[in-house]
Amino acid sequence: MGDRIALDEVRRYWGKKNIPQQWYSKKQPFTLAWFNELAYKRFNIYYEHLRETAEFEWHRGEEVLEIGCGIGTDAIEFARHGARVTAVDLGADQVMLTKLNFELHGLTYADIREANAEHLPFPDETFDFVYSFGVIHHTPDTQRAVAEIFRVLKQDGTAVVMVYARGWKHYLKRCFVHGLLLGKWIRHEFNWQRVYNEVSEVHGSSPRTNIYTKRGVRELFSSFATVDARKKRLGEFFEYKPYNTAMFPLFVRNSLRLLNLESWVGENWMVRAQKCRFPKEARLWEVWFKHY
């Protein structure tokens, strides 16, 4: 998948100012009001689909693991709905912020600690549900991280994982504008992976940013019995004003969704992977001629 990178590079990059979501709010950092505004904007502006696709409500009493908890916004939602939450992140800053978020909201958790997605510190078949949003495509060995998700899931467990998709923003902004018009593909010696690394994140120049086709997603999660991958999020100009510039009229976004074009041009793959295959309940002829 391109140049080799070290895990320490990834850890250093995603700390401090690069911890995602912080720029959603201008309130006093690390206060309850700050965390609340970050959550409001995450679920109502930037990622409206998450309340449904992340399955926050549906794992009450279950053992839930989030890989790459960041500031804890999503982990809080699982806990709020009664899950026993374990959360890990590569950096100490993220662990501190997630614990503070839980404390300010008066919520409890099972465990929050530093850990590497490629070597999770948990026994086999520990969790009912594993969730990771926009994280494993940044680790040096993404395939290894998926293998770890598979390992720590119980036999009837489910994983919901977001990885970047090759949607409209990828081809227009990353490839055409930055790669070709601005000449970054040539400057990076015709290496598209280096272009993606440079231009994919808010502050740019990440050590690794993998971006997947549907075939790539299928290969990544091939160890799972069933895999459902759907493109979500139209993103900037459609759902929010990037850097407070401009936004298409609402009818443009609604028209794309009505025509199901988000499934073609969306920025993110929301992957729902089931570890084991459940017995098939009935054949088609049985539904018609046997079952009532």
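Does THR86 fit the bill of being under 19 Å from the mean Cα position of the chain (by Cα), over 16 Å from HIS59 (Cβ atoms) and surrounded by 15 or more Cβ atoms within 10 Å (Cβ to Cβ)?
no
Among the candidates ARG174, ARG166, which residue alone is among the basic types (Lys, Arg) and either open to solvent by 30 Å² or more (accessible area, probe 1.4 Å) or modelled with pLDDT under 95 (or both)?
Answer to the check: ARG166.
Of all the helices (runs of 4 or more DSSP H) wholly in the range 176-292, which have at least 2 residues that are more than 29 Å from ILE19 (Cβ to Cβ)?
Answer list for the range 176-292: 184-187, 214-220, 250-258, 262-265, 284-289.
Residues being outside any helix (DSSP H, G or I), in contact (Cβ under 8 Å) with a residue 40 or more places away in the chain and more than 14 Å from LEU100 (Cα to Cα): count how many of those fall in the range 12-39.
Matching residues across the range 12-39 total 5.
Within the bounds of the range 159-181, is there any residue that is more than 24 Å from GLU262 (Cβ to Cβ), out of contact with any helix residue (DSSP H, G or I) (no Cβ under 6 Å at 6 or more places or on another chain) and of a type in the set (Gly, Ala, Ser)?
No, because not a single residue in the range 159-181 is more than 24 Å from GLU262 (Cβ to Cβ), out of contact with any helix residue (DSSP H, G or I) (no Cβ under 6 Å at 6 or more places or on another chain) and of a type in the set (Gly, Ala, Ser).
Quick check: is even one residue across the range 206-225 in contact (Cβ under 8 Å) with a residue 12 or more places away in the chain, among the hydroxyl-bearing types (Ser, Thr, Tyr) and open to solvent by 50 Å² or more (accessible area, probe 1.4 Å)?
The answer is yes; a qualifying residue exists.
What's the number of the only condition in (1) of a type in the set (Phe, Trp, Tyr); (2) in contact (Cβ under 8 Å) with a residue 24 or more places away in the chain; (3) out of contact with any His (no Cβ under 6 Å at 6 or more places or on another chain) that TYR171 fails to meet?
(2)
All but one of (1) out of contact with any strand residue (DSSP E or B) (no Cβ under 7 Å at 6 or more places or on another chain); (2) touching a residue at least 12 places away in the same chain (Cβ under 8 Å); (3) under 20 Å from VAL265 (Cβ atoms) hold for HIS203; which doesn't?
Going through (1) out of contact with any strand residue (DSSP E or B) (no Cβ under 7 Å at 6 or more places or on another chain); (2) touching a residue at least 12 places away in the same chain (Cβ under 8 Å); (3) under 20 Å from VAL265 (Cβ atoms) one by one, HIS203 breaks only (3).
Out of (1) within 26 Å of SER263 (Cβ to Cβ); (2) part of a helix (DSSP H, G or I); (3) not acidic (Asp, Glu), the odd one out for PHE78 is which?
(1)
One line per residue, one yes/no per condition, for (1) within 16 Å of ASN268 (Cβ to Cβ); (2) buried (at least 24 other Cβ atoms within 10 Å of the Cβ):
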position	(1), (2)
ALA75	no, yes
ASP93	no, no
PHE102	no, no
HIS105	no, no
PRO121	no, no
THR126	no, no
ASP141	no, no
VAL146	no, yes
ALA159	yes, yes
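Those residues that are open to solvent by less than 20 Å² (accessible area, probe 1.4 Å) and not in a loop (DSSP other than H, G, I, E, B), I need them from the range 40-73; list them, please.
Selection gives ARG42, PHE43, LEU50, PHE56, VAL64, LEU65, GLU66, ILE67, THR73.
Of the conditions (1) in contact (Cβ under 8 Å) with a residue 24 or more places away in the chain; (2) surrounded by fewer than 20 Cβ atoms within 10 Å (Cβ to Cβ); (3) touching a Ser or Thr at 6+ places or on another chain (Cβ under 9 Å), GLU198 fails just one. Which one is it?
Answer for GLU198: the failing condition is (1).
Which of the residues that make up the range 80-116 are among the hydrophobic types (A, V, I, L, M, F, W, C) and touching a His at 6+ places or on another chain (Cβ under 8 Å)?
Across the range 80-116, the qualifying residue is only ALA83.
The values are calculated or read from the model by the stated rules, or taken from the named source; none is laboratory data. A quick note: this is a predicted structure, and the numbers were derived from the prediction, not measured. Note: ideal-geometry Cβ built from the backbone for every residue, glycine included; neighbour counts use all protein chains shown. Only protein heavy atoms, including side chains, enter the accessible area calculation; ligands, DNA and RNA are left aside. Shrake-Rupley method; radii C 1.70, N 1.55, O 1.52, S 1.80 Å.
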